[in-house]
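A quick write-up on the structure given underneath.
The values are calculated or read from the model by the stated rules, or taken from the named source; none is laboratory data. The shown structure was predicted, so the numbers you read here are calculated from the model rather than taken from an experiment. In this analysis, Cβ positions are derived from the backbone assuming ideal geometry, glycine residues included, and neighbour counts consider all displayed protein chains. Areas reflect the complete protein model, heavy atoms only, side chains present, ligands, DNA and RNA absent. Shrake-Rupley method; radii C 1.70, N 1.55, O 1.52, S 1.80 Å.
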Amino acid sequence: MADDYRVIGTPVVRPDGAEMISGQAVYGPDVTQPGMLWGKILRSPLPHARIRSIDVEKARALPGVTVISAHDVPDRRYGYAIEDEQIFAVEKVRYAGEPVAAAAAPDEERALEALSLIDVEYEELPAVFTAAEGARDGAPLVHEELGPARSVYLASWNPVPGTNIIHQASHHRGDVDAALARADYVFEDTFHASQIHHCYMEPHATLASVRGSEVTVWTCSQEVFQLRTLLAGLFAIPESRMRVINTKVGGGFGGKIEPRLEPVAVALSMHSRKPVKMVMTRAEEFTAAAGSTPATVTVKTGVMKDGTLAARDIDFLWDTGAHAEGLPPSNRAMKDGNGPYRVHDLRISSTLVYTNKMRGTQLRGLGVPEGAFAIESQMDMIAERLGMDPLELRLKNILQEGDINSIDDVVQSIGLQECLESVAREIGWGEPKPPNVGRGLAVIAKSPTTHSSISAAYVQFNEDGSAQVLVGASEIGQGMTVVMCQIAAEVLGLPVEQVGISSADTATTPYDRGTFSSRVTFYTGMAVKIAAEDARNQLLDVASRMVEIPREDLAVAEERVVSPVHPELSLTFREVLERAHTSERPILGRGTYGGKGDYPTLPHKAQRKEYVPGWKYAAQAVEAEIDEETGIIRVRRIASAHDVGKSLNPTSVDGQIVGGVVMGLGYALHERLQFDNGRIVNPSFMDYKIPSSQEIPEIAPIAVEVPLPEGPFGAKGIGELAIVGIAPAIGNAIHQVLGVRLKELPLFPERVLEAVESQRKDHGG
Amino acid sequence: MALLDLKVNGQEAQVEAPDTALLLDVLRERLFLTGAKRGCETSHCGCCTVRVDGMAVHSCVVLAARCQGKEITTVEGCGDGMELDRLQRLFLEHGAVQCGYCGPGMLMAAKALLERNPQPTLDEVKKGLDGNLCRCTGYTPIFDAILAYSRGA
Amino acid sequence: MECKLIRPTDLDEALAAREEYTDGLPIAGGQSLLVMMRNRLISPGALIDLEPVEALRGIEVQSTGISIGAMNTCRQLIASPVLREEVGVLPSAARQVSSTAVRNLGTIGGNVCHNEPGADLPPVLLALNGRAVLRRRTHGREVPLEEFFTGYFETALEADEILCRIDIEHPNAAGVYLKHAISPEDLAIVGVAAVVVPDSERPGAVAEARIGIGGAAPVPLRASRTEAALKGAVLDEETARAAGELASTEVDTGSDPHASAGYRRKMVAVFVRRALLHAANQMMGNGHGAA
């Protein structure tokens, strides 16, 4: 496809950039309303306990203070996947950090004072803190009874009643056992991924205001429409009376998908009859919001002598904490767990277990990083045993155009081999290096979103010929606003500065499933493209009547209607709009786009004719220097190549890659939530380290363009994949230098050293 | 409570605040300058970075009372009306702003660095930003923007 | 209850306030204190602001050593020509304290009085034979830093005292501070300062080696048995290795989210060895200056 685009593919600066870098953007914690109160939550100090009594009377006696607990709010259970949560703990608490009561007061100090006056009497219960403990027979139950599963999850939901196993499923193709028996070698290894935190810089913040019968919620959310539906249902009011307005969102990474403060803020506002603002402290973020969903992954791979992968049996055991938000990652792992490899005989099973800890939820790449650490580490172990170059082994087995992937989709628009070859070249694979320096590779893939993924958009022409895009997806930093403006500008023949955008307000923007799973560029992007085409056609209709030239002979270019057939024609958009607005009708383009869910376990899978397009592939390579005496790993260079379909905005694409890589670096080297009997012991940026400026290696982002026909201008999503392969690539580099294999994340210096020492012992040293 | 005489972005302001009020709270809650962000309140994330007498400080660990008689500069003091200044423009051009929450603090730290050291090396830039966390960009675009500024790009 | 802010204009007023406000605390740079207040770990009735007190400033070269005012910020330590010239190891450690913003306001006095495990200045000041110069309204006293650091986040500072200055020796020595941390702005998992005084009679030998260790125990400490073993030694690879091993038996390491006790102990051995060898190289290179 020849790239003769004006706006697509150029490094346009974000339209919302100026308000952000001038400090004027209004984020969640910046919202105010006249007369507002501050809300704070009293949280359980215990991981599992019966609530004997709650006495709020002393707190209520404080002037100007509203105090509520479970008695004062609807007792409906809610949750996007499984309905297993209530606004406040009822009868018992299930993790240290669970909301028990809340207070609203004119300032935060007073609200905290009120909380300190609430007496809660607990009776501690035996608790479970790991998925393995939780899955054991006779383990204390986190939830004695469960609410129903919702929407798309219903079909694939398979709990084991009377246990903490909230979901168990498997995806099976061919005859794995026979194929493993036929294989020349069988490798079986178990890996542990840690629980990390999203660490968006902006804490959760919400302001709820109940006025008459209308509720307005300002919040920093990745999915305003899902949130609206949930809140309206919870408080039993029509969705038409529940308005969720997104503030600027200071990062999400999956941590701002599900409700956190919103139900409490609405309840406090209903009781106090005042607007109520709530902002989480960073300690609350670490102990009560959510982390990733950690997994133990056991991989059994059968390999032929020539390196051909013969069969794979992968078992995931997930620890979802006290709420089942780990369902999406546990399901995704069944599709994506095998990585981008051609393996016919395949079994992937996934078990999700409740424990008495803060919940695990979706986090950038949900479910893919955990599997990739296992698969990509084991690929290097296989290569070593076979005496093959890890690059060769991968090239031999990766998916190619036309192959059938793990879930029986035909592979299309794949640029993986080019990705792998380019990172190998970039990192100097096979070139000489000092003995304390190692290089490692990983290839990764992520399937398209598993939700039924629907988006809508409006594109409206303004009086002066400029245009307005309205979308319901959230800008959380990923650069959606600029890409949507570029798409509209390209279609409309406008300079990109002439396109404005509004997003994520349930009362004014059209429906969108929201921002998750690298879906917005693709789905919202298509909706915008279609809406812009609709608006352009309407504009040309009006122009056609004005100049009496058939629409087919008209086109748009540089804010004008032109005609190849009538080169003398030049009509400005403003002139056409004047006509439309005075004697015809406004020009409002409408676009919708959707893809349906495709769970591997759905019974109709076998008959499915369509496939959900947009598998994303990438290859990553690292070069790291290892200090054998201290175990410290200094990553020096990283190359990350992504098959992006078409890079709509190179600055944004590079930004997503480099940002994801650095998040992957933290995930690999030092990020983990640490627990002591269910309580998080490192709830601050001092004790939970995310990468800082001083740790940043040289990073080479590479965009490989193999256009995806279904995507807007050929584009695929790019948001998540860059986090995925860094950990195994570094693990592989460590192995190259020290000869030890680390199977547990993060790759702490201490763990590196332990591995070296135990290897010495094994070799009788 | 105390009456504080502060000079913020060149303008005098008198505010009433508790004796030991923090500069961050005074800026945000009393002067409605919300460019300094609440990120961690433990002096680790740097989202609240402002400049006091030219130095980058984390305003969550600065007593407002101590800033009397000093020049406080916040992100709102950068640029001219609707015009961004050169460093702000370079931040945007290099993609140094994604979610933007760390942006104002990063910018203030970068300005303090560039004033003290107009031609920093890459390592000096990294060191100069050691009090500012960013979760989106991977920092590299921020380094690039600062280096471009110092090169006069 | 609202916390009062007292702003004395000189040391006498500060000391009087310190005596008067029994539930008060002196505030230096405030970089840790204000965080502890925000987290409600402490709730003092008053803060006595030491910023206006001139007597706590300045860096003075005296016949016996250097006297550093407690209110010197890390930024000032780094910029001080006197320190750079005479005891380079101190500004070099100050450069490794936390982040730029914290170094701009955080003071040497605050760093020492907070006594947080893993802080960078205490091991260096210990190795420089530092002494805390303390005052109360009626009189003053001096305490060697080994005795000043009494426990986990605890010091010998009494409730009515103010740390005025830290006096260090002015050694004709080589000095090194090595820090082991995940990222440079972190607290040290282990921080080791080595100050090595050359033996003027025997080239290559050390008259005295002083080793300060932070992060490895509830309190920063001197590795005194190791120091004794090094008297008169020639600092080669073997001696340094043995010294590291010995030093690792002198620390009472603990576990925290960053590292286990066992790992810390091993790192003491590694970093003491590395610091001694660095210092020895420096000594051979220029023979003086603790640079």
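Here are the numbers:
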item	result
Listed peptides A:722-732, A:533-543, C:120-130 by packing density, highest first (mean Cβ within 10 Å)	A:722-732, C:120-130, A:533-543
Size of the C/B contact, given as accessible area buried on both chains, probe 1.4 Å, in Å²	2400
Cα-based reach from B:K70 at 19 Å (exclusive), listing lysines while leaving out same-chain residues under 8 positions away	B:K7, B:K111
Eligible aspartates and glutamates near A:K716 by straight Cα distance, threshold 12 Å, same-chain separation 8 or greater	A:D643, A:E705
Estimated FRET transfer efficiency when R0 is 35 angstrom, pair A:E584-A:S502 (beta carbons, to 0.05)	0.90
Counting DSSP beta bridges with both ends in chain A, the antiparallel % (nearest 5)	75
Average other protein chain Cβ within 10 Å of Cβ, residues A:654-667	4
Size of segment C:54-169 as Cα extents on the principal axes (Å, biggest first)	34, 33, 26
Interface residues, segment C:73-102 - accessible area loss of 50 Å² or more versus chain alone, probe 1.4 Å	C:R75, C:T100, C:A101
Solvent-accessible area buried by pairing A with C, both sides, nearest 100 square angstrom, 1.4 angstrom probe	1800
Long-range amide H partners of C:L25 with built H, under 5 Å	C:A46, C:L47, C:I48
Percent accessible area from carbon and sulfur atoms, the protein assembly as shown, protein chains only, probe 1.4 Å	49
Euclidean distance between Cα centres, segment A:669-734 to segment C:238-266, Å	32
Solvent-accessible surface (1.4 angstrom probe) belonging to A:R741, in square angstrom, nearest 10	40
Delta accessible area of at least 30 Å² on complex formation, residues of segment A:683-710, 1.4 Å probe, chain isolated as reference	A:F685, A:M686, A:D687, A:K689, A:I690, A:S692, A:S693, A:Q694, A:I696
For chain B, alpha-carbon Rg over 2.2 N^0.38 Å	1.02
Interface residues in segment B:90-104 - accessible area drops by 40 Å² or more relative to the isolated chain, probe 1.4 Å	B:L92, B:V97, B:Q98, B:C99, B:Y101
Partner lysines for A:K92 [C-alpha distance under 30 Å; skip if fewer than 8 residues away on the same chain]	A:K40, A:K58, A:K256, A:K274, A:K277, A:K357
Residue-by-residue Karplus 3J(HN,Hα) for segment A:508-524, coefficients 6.51, -1.76, 1.60, Hz, glycine and proline x	10, 10, x, 4, 8, 5, x, 9, 6, 6, 6, 9, 5, 3, 6, 7, 5
Number of partner chain Cβ atoms within 10 Å, mean per residue of B:110-116	1
Extension reserve of the A:Q400-A:K761 stretch, reckoned as 0.36 nm per residue once the Cα distance is removed	125.6 nm
Surface accessible to a 1.4 Å probe, per residue, for the residues of the protein assembly as shown, Å²	34
Shielding of B:21-31 by partner chains, average beta-carbon count, 10 Å	1
Accessible surface buried upon A-B contact (total; probe 1.4 Å; Å², nearest 100)	3600
Distance between modelled label sites at B:E12 and A:D553, nm, 7 Å Cα→Cβ extension	7.3
Euclidean distance of C-alpha centroids, segment A:45-118 and segment A:243-321, integer Å	22
Chain A: C-alpha gyration tensor shape, a/c 1.5 cut-off, then a/b vs b/c	oblate
Rounded, prolate or oblate (a/c below 1.5 giving rounded, otherwise prolate when a/b exceeds b/c) for segment C:11-51 by Cα gyration tensor	oblate
Under-5 Å amide H pairs with A:I501, H placed in peptide plane, nonlocal only	A:V469
DSSP bridge orientation in segment B:2-77 - percent antiparallel, rounded to nearest 5	90
Helix axis angle, B:103-116 relative to chain B longest principal axis, alpha carbon, degrees	80
DSSP bridge pairs, chain C: antiparallel proportion in percent, nearest 5	85
